[in-house]
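Asks: What follows is a single structure, and I will ask about it in a moment.
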Amino acid sequence: MDIIGKTFQTPNYQEMLDGKRAYTGKILRVNLNDGRMWVDQPDEAFYRRLIGGRGFILHYLLNEMPAGVDPLGPENILIFAPGVLSGTVLPGTGRHAVGAKSPLTGALASGEAGGWWGTELKKAGYDAVVIQGRAESPVYLWIKDGAVEIRSAAHLWGKTTGDTQEIICQELGDEKIRIAQIGPAGEAQVLFAAVMHDINRAAGRSGLGAVMGSKNLKAIAVRGSAPVGLADKELMSLVQRWINKNYKDLMGWAVEYGTAGSVTYNHDTGGTAIRNYLDGVFEGVSKLDAREFFPIMLKDRDTCNRCPVRCKLVVEYNDQDVEIQSRYGGPEYETLGALGPLCAVNDPVAVAKANELCAAYGLDTISTGGVIAFTMECAEKGLLSGYDFLPRFGDGSSLIESIHRIVRCEGIGAEMALGSARMAEKIGPPADEMLAVARKQELPLHDPRFKQLCGMGYALSPTGADHQNNLIDNFATFPGSETCNRLEEFGLETPLPLWGISELKIKAYIVEVAFKTFMDSAVICHFYPYTFKHMVDALSAATGWQVSAAEIREIGDRIVNMARLFLIREGFTADDDTLSARAFYRLESGPIAGKALTPEELKLAIRDYYARMGWDEQGVPSAQTLKQLGLTLG
Amino acid sequence: MEQGKATFLLDPSHTVQKTPREISVAAGQTIMQALNSHGIVFRQPVVALVNGQTCDVSYCLQPGDVVRFFPQIAGG
C-alpha cells in the first residue's frame with residue numbers, strides 16, 4: 001500500500017499543553033503497513049507506573065508484540081520514548097530511549113541517546129512514538145506541533161547521516177529540525193547498526209538501526225514549539241540550583257576532558273581490554289587520551305539540551321590522507337577503547353576517523369570494535385581463509401577498511417555484519433574461546449576480569465552486555481562516590497570491596513540497577529551525580545505526584561522485572577545468564593594479572609541474585625514478587 | 001626509601017589540598033588508613049596500584065610498596 005503523503009493531526013493539540021505537568025498524555029502510533037496513525041492517551045497511573053523510556057518500551061513489547069517474532073520482520077515494534085523528566089529544565093534530561101526486540105541478541109534492545117530529539121518530540125506534543133509494520137518503500141516521518149506526515153525517503157536511501165540531515169532540513173526549510181535516523185548500516189540491516197540523532201548521538205547498542213532499516217523507515221524529523229510544563233517550578237529549581245552550583249566540582253572530569261580523559265587511567269588500572277583481551281599493557285595508549293589528542297584535533301565542545309557540562313567533543317582533522325568532519329562530533333571513552341586498544345591501534349587519527357565513519361554509517365562503535373578485534377585474532381590464528389582482505393591487529397588502515405566492508409557487507413564484512421558470536425558459530429572451535437560477549441552482544445570497555453560485579457551485570461543484562469545500566473565496581477570502592485551516596489540512602493554499607501562478588505555487592509547491584517533503570521525511563525544522563533532524593537524532588541516537581549525514594553526504587557524494580565519477563569517470553573533461560581570465554585581468561589602480566597572470576601563463581605553469584613530478587617532458581621520472578629510490583633506472568 | 005615504610009606517589013592535581021608528589025607512609029596499615037592519617041583527600045574516587053598491580057584500598061601496606069592512584073571516571 002502506498003502510504004506516502006498520508007497525514008495525521010492529533011486532536012486537542014493545544015489543550016494538552018497546559019504547562020501544568022511535564023508530559024502531554026499522548027503517545028503517537030504509526031502503522032507503516034497501511035499508514036494508519038492514531039494516539040494512545042494513557043491514564044495517569046500508566047505514567048506513574050512506567051515513567052517513560054525503557055518502561056514504555058517494555059509495556060508495548062510485552063503487551064502488543066507476539067512472542068517469538070522475527071526482530072527484522074514487520075511485527076517487531078520500534079519505540080522512541082523520552083520520559084516524564086525529559087526536556088524539563090533539569091540538567092541531564094536532554095535524553096530519550098529507543099527500543100525494540102533486538103536482532104543481535106533476540107532479547108531487549110533499549111538504548112538511550114542524548115541531544116535534543118527527545119525534548120523536541122515532547123515540544124511537538126508527544127511523549128513517545130510507537131512504530132509497527134513495514135513500509136513498502138523508504139519513508140520518513142515529519143512531526144511538527146502535533147501534525148504528522150509520511151514522506152518519501154527514496155532520495156535519502158544510501159546517504160550518510162550527515163547528508164540525510166542536510167537534505168531533510170533543506171527540503172523542510174528549517175535548520176532547527178531534530179532528526180532520528182539510520183545510515184547505510186541500518187539500511188543494510190547490519191545487526192549492530194545504531195539509530196543516530198543529530199547525526200552524532202547514538203542509541204547505539206543491540207541493532208536498533210537494523211530494526212528501523214527493516215521497516216524502511218529512514219528518519220523521524222521533529223519540530224515542536226510548546227514548552228515542557230512543570231507542576232512545581234520552585235521545587236524543580238531547588239534541584240536545578242543544587243546541580244548548577246556543584247557540577248564543576250562533582251563532574252570536573254566531564255567538564256575538563258569528557259570521558260576521553262579516562263583512557264590512560266582506565267588502561268593503567270586494567271579497566272580496558274587490549275588486543276581482544278590477550279594483553280595486559282598497551283604501549284602508546286596515552287596517544288588516545290584527550291590530554292594528547294586534544295591539541296591535534298579538538299575543535300570545540302558540544303552538549304545536550306539544558307546541560308552545562310559540555311562533555312561532548314567536536315574534532316576536526318585534515319592532512320594529505322585523512323579528513324575528519326567536525327559535524328560528526330568526536331570519539332568518547334567506549335569508542336576510543338573499542339577502536340583503539342581492543343584492536344591494538346594507538347593512532348588517534350585512525351581511531352577518530354573510524355569513529356566518524358561509524359557516525360556517518362550509523363554503527364554501534366562498541367560492537368564494531370569488538371567484532372573487528374575478534375576478526376583480527378581469528379585472522380592472526382589462521383582461522384579465516386579465502387578472503388581478499390582481513391584486518392590485522394595494530395593496523396589503523398585495516399580498522400577503517402573493515403568498517404567500510406561491514407556496511408557494504410562485502411567479503412569478510414558480510415560475516416562481521418552479523419556480530420562476533422554468529423561468526424564464532426560459523427567458524428567453529430577454537431573461535432568460541434576468543435569471544436567476548438554476553439547474550440551475543442560485544443562487551444563494553446569495562447573489563448569484567450577487573451570489574452567483576454559489572455561482569456555479573458553484563459551476564460544478567462536484558463539488553464546484552466551493558467555498562468550503563470549496571471554497577472561498575474570501582475565507582476563504589478572509594479568513600480563519598482555518587483554510587484556510595486545512593487547505596488547509603490538504602491542503608492547499605494559502603495564502600496564496597498573491589499574484588500569478587502560478595503552478598504553486599506549483590507545487594508548494592510540491585511539498588512543501583514533499580515536507580516539506573518529509573519534513570520533510563522525518566523530519561524536522565526547517568527553522568528549526573530543525582531541521588532534518590534534528587535529524583536524524588538524532580539519527579540514530584542514534574543508531575544505533582546507526592547513520591548518517595550521507595551517509589552523511585554519500586555519503579556526501577558518493576559521495569560527490571562518486566563525486562564526479565566520479556567527475556568523469559570522470548571525463550572531465554574538461566575543458562576543464558578553468562579559470559580563467553582574471554583571474560584574468564586587470566587592474563588599473565590599487567591595490572592590485573594591472574595584476576596578473573598571462574599564460571600562457577602559467576603553462576604553462584606547469579607543464583608544468589610535471583611533469590612534476592614524474589615526469582616526462582618531458573619531466574620523466573622515468583623508470583624508474589626510480581627504481585628508486589630503490580631505485574632503478572634504471561 | 002625509609003625502612004618499614006611504603007611510598008605514595010601522588011599527582012597534586014588530583015587532591016583537594018596541596019600535596020607533595022611523594023610521601024612515605026608506615027607499613028602495616030591499609031591504604032585507606034594511610035590516606036586518612038595523612039589527610040589526603042582526592043577530588044574524585046580513585047583506584048590504587050601497588051607495585052603495578054591494581055589493589056583495593058583495604059590492602060595492608062608492606063615495607064617497600066610503591067602506590068600510585070588513578071581517578072575513576074564513568075565510561076560512556
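Asks: What do you get for Rg/Rh of region A:7-223 when both radii come from the Cα atoms and Rh is the Kirkwood radius? Write down the numbers at each step before the final one.
Replies: Values: Rg = 15.6 Å, Rh = 16.8 Å.
That ratio is 0.93, to two decimals.
Asks: Restricting everything to alpha-carbon atoms, can you work out Rg to Rh for the protein assembly as shown with a Kirkwood hydrodynamic radius? Intermediate results must be reported in sequence, preceding the final value.
Replies: Working: Rg = 24.3 Å, Rh = 25.5 Å.
Ratio value, two decimals: 0.95.
Asks: Can you give the log10 of the normalised intensity I(q)/I(0) at q = 0.22, 0.23, 0.24, 0.26 Å⁻¹, computed with Debye over equal Cα scatterers of chain B?
Replies: Debye curve over Cα of chain B, log10 I(q)/I(0) at q = 0.22, 0.23, 0.24, 0.26 Å⁻¹: -0.98, -1.07, -1.17, -1.36.
Asks: Rank the residues A:484, A:409 as a footprinting-exposure proxy: fewest other Cβ atoms within 10 Å of their Cβ go first.
Replies: Going from least to most buried by this count: A:409, A:484.
Asks: Which net charge results when you count Lys and Arg as +1 and Asp and Glu as -1 among the other residues whose beta-carbon is under 13 Å from that of residue A:491?
Replies: Values: positive: A:486, A:507, A:553; negative: A:488, A:489, A:493.
Counting the neighbours of residue A:491, the net charge comes to 0.
Asks: Turning to a different aspect of this structure: Using only alpha carbon pairs under 8 Å that are at least six residues apart, calculate the relative contact order of region A:272-434 and give it in whole percent.
Replies: Numbers: 256 pairs, mean separation 29.9, N = 163.
The value is 18 percent.
Asks: What is the distance in Å between the Cα centroid of region A:345-376 and that of region A:223-265?
Replies: Each part's Cα centre sits 29 Å from the other's.
Asks: Counting only other chains, what is the mean number of Cβ atoms within 10 angstrom of the Cβ of each residue in peptide A:241-252? Mind dumping the intermediate values first?
Replies: Values: counts 0, 0, 0, 0, 0, 0, 0, 0, 3, 2, 3, 4.
What the average comes to for A:241-252 is 1.
Asks: While we're here: For the protein assembly as shown, what is the percent of antiparallel DSSP beta bridges, rounded to the nearest 5?
Replies: Values: 63 of 77 bridges.
Around 80 percent antiparallel, to the nearest 5.
Asks: I would also like to ask the following. For chain A, what is the relative contact order in percent, using Cα pairs closer than 8 Å and at least 6 residues apart in sequence? Don't skip to the end; give the middle numbers.
Replies: On the way: 1525 pairs, mean separation 97.3, N = 634.
Over chain A, the number comes to 15 percent.
Asks: Need one number for region A:209-287: average projected area of the convex hull over its C-alpha atoms, nm².
Replies: On the way: hull surface 43.5 nm².
With every direction weighted equally, the projected area is 10.9 nm².
Asks: Now for a different question. Taking only pairs that are 8 or more places apart or on different chains, how many Lys pairs in region A:426-527 have Cα atoms under 26 angstrom apart?
Replies: So the count of such lysine pairs works out to 9.
Asks: Can you divide the C-alpha Rg of region A:272-434 by 2.2 N^0.38 Å and report the result to two decimal places? Write out the running numbers ahead of the final one.
Replies: On the way: Rg = 16.0 Å, N = 163, 2.2 N^0.38 = 15.2 Å.
Against the empirical 2.2 N^0.38 Å value, I get 1.05 for region A:272-434.
Asks: Hey, if you put +1 on the Cβ of every Lys and Arg and -1 on every Asp and Glu Cβ in the protein assembly as shown, which of A:270, A:487, A:585 ends up farthest toward the positive end of that dipole?
Replies: Farthest along the dipole direction, towards plus: A:487.
Asks: Averaged over A:326-334, how many beta carbons belonging to a partner chain fall within 10 Å of each residue's beta carbon?
Replies: On the way: counts 0, 0, 0, 0, 0, 0, 2, 4, 2.
Partner-chain Cβ atoms within 10 Å, mean over residues of A:326-334: 1.
Asks: Give me the percent of Cα-Cα pairs in region A:40-162 that sit more than 24 Å apart, rounded to a whole number.
Replies: Details: 2417 of 7503 pairs.
Counting every Cα pair in region A:40-162, those more than 24 Å apart make up 32 percent.
Asks: How large is the charge dipole for chain A, taken about the Cα centre, if only the Cβ atoms of Lys, Arg (+1) and Asp, Glu (-1) carry charge, to the nearest 20 debye?
Replies: Working: 64 positive and 78 negative charges, 260 e Å.
The dipole of chain A has a size of about 1260 debye.
Asks: In what sequence do A:533, A:26, B:18, A:20 fall when counting other Cβ within 10 Å, fewest first? Write down the numbers at each step before the final one.
Replies: Values: A:533 15, A:26 20, B:18 6, A:20 11.
Ascending number of Cβ neighbours within 10 Å: B:18, A:20, A:533, A:26.
Asks: What does the structure give for A:442-452 when I average, per residue, the other chain Cβ atoms found within 10 Å of the residue Cβ? Could the numbers behind the result be given before it?
Replies: Numbers: counts 0, 0, 2, 1, 2, 0, 0, 0, 2, 0, 0.
Taking the mean over all residues of the peptide, I get 1.
Asks: For residue B:36 and residue B:3, FRET efficiency with R0 = 22 Å and r from the beta-carbon atoms, rounded to 0.05? Please list the in-between numbers first.
Replies: On the way: r = 23 Å, r/R0 = 1.05.
It comes out at approximately 0.45.
Asks: Evaluate the relative contact order of chain B (contact order divided by residue number), counting alpha-carbon pairs under 8 angstrom at least 6 apart; express in whole percent.
Replies: For chain B, the relative contact order is 38 percent.
Asks: Next up: Let me have the 222 nm mean residue ellipticity of chain A computed from DSSP H runs of 4+ only, each contributing -39500 (n - 2.57), with the sum over all residues rounded to the nearest 500. Could you put the intermediate results ahead of the total?
Replies: On the way: 24 runs with 245 residues, N = 634.
Per the formula, -11500 deg cm²/dmol.
Asks: Still on this structure, please answer the following. Dipole of chain B, Cα-centred, from +1 at each Lys and Arg C-beta and -1 at each Asp and Glu C-beta, to the nearest 20 debye?
Replies: Working: 5 positive and 5 negative charges, 38 e Å.
Dipole of chain B, to the nearest 20 debye: 180 debye.
Asks: Would you mind ranking A:283, A:171 by Cβ crowding within 10 Å, fewest neighbours first? Don't skip to the end; give the middle numbers.
Replies: Working: A:283 10, A:171 13.
Fewest-to-most Cβ neighbours within 10 Å comes out as A:283, A:171.
Asks: Residue farthest toward the positive end of the dipole of region A:7-223, with Cβ of Lys/Arg at +1 and Asp/Glu at -1: which of A:32, A:213, A:116?
Replies: A:116
No lab work stands behind these numbers, since they all come straight from the coordinates. Everything numeric in this text was worked out from a predicted model, so none of it was measured. Quick reminder, even Gly has a Cβ in these numbers, built from the backbone with ideal geometry, and neighbours come from all protein chains shown.
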